[in-house]
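Comments concern the structure below.
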Amino acid sequence: MILDELNEIADNVSVTGGAGTVQLGDNIGRAGGISASCGLFLVVQVSEAIVGASAGTLALSLVSDAQGAIATDGSATRHATGRAWVTGASAIPAGTVLLCVEIPPGQYEDYLGLLLTRTGGDITAGKVNAFLTPDAAKWVAVADGV
């Protein structure tokens, strides 16, 4: 599968840091045009193992907002939220799919993005890729340059 750069939210983006909510990667503009039958999936995959200094959690939410800098204060429109992944000394390995969800129907604001919420201990290492694709069931990771 060939990825469209305009549908990529994160390309090997770090998830490190302390507790709190931050925008992860870039946003996709003109999201207000998403229809109920868009047939797109959001895939978030670990590209570098995620490790925490101590026990905590990491969760991802698909959101839309009227501004390009997606609000992290809870005012962005939440469309989907993944499960909380436990972080700590045992890593979440590279290749793990943290979230794979069909873009749900609904009212979308102008910009589509991802929020990362970390709780508990700091995340000391880890990176992810996030993108939209029409064929999530067929999507597989490949090494750089392949």
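Tabulate in residue order the Karplus-calculated ³J(HN,Hα) for the range 96-106, using 6.51 cos²θ - 1.76 cosθ + 1.60 with θ = phi - 60°, rounded to whole Hz; enter x for Gly and Pro.
Result, rounded to whole Hz: 5, 8, 6, 7, 9, 9, 6, 4, x, x, x.
Under 5 Å between amide hydrogens, which residues at least 5 positions from D122 or on another chain qualify, with H placed 1.01 Å from N in the peptide plane?
Placed amide hydrogens put A53, S54 under 5 Å from D122.
Provide the packing ranking of 8-14, 110-116, i.e. peptides ordered by the mean count of other C-beta atoms within 10 Å per residue, highest first.
The peptides rank, most packed first, as 110-116, 8-14.
Grab the other residues whose beta carbon is less than 15 angstrom from that of D110, score K and R as +1, D and E as -1, and report the net.
That sum, taken over residues with Cβ under 15 Å, equals -2.
With a ≥ b ≥ c the root eigenvalues of the C-alpha gyration tensor of the range 11-130, is it rounded (a/c under 1.5), prolate (a/b larger than b/c) or oblate?
Prolate is the answer for the range 11-130, as a/c is 1.5 or above and a/b outweighs b/c.
Only the coordinates and a few stated rules stand behind these numbers; no lab work does. Treat the numbers as computed from the prediction; the structure is a model and nothing was measured. Using ideal geometry, Cβ is built from the backbone for each residue, glycine included, and neighbour counts are taken over all protein chains shown.
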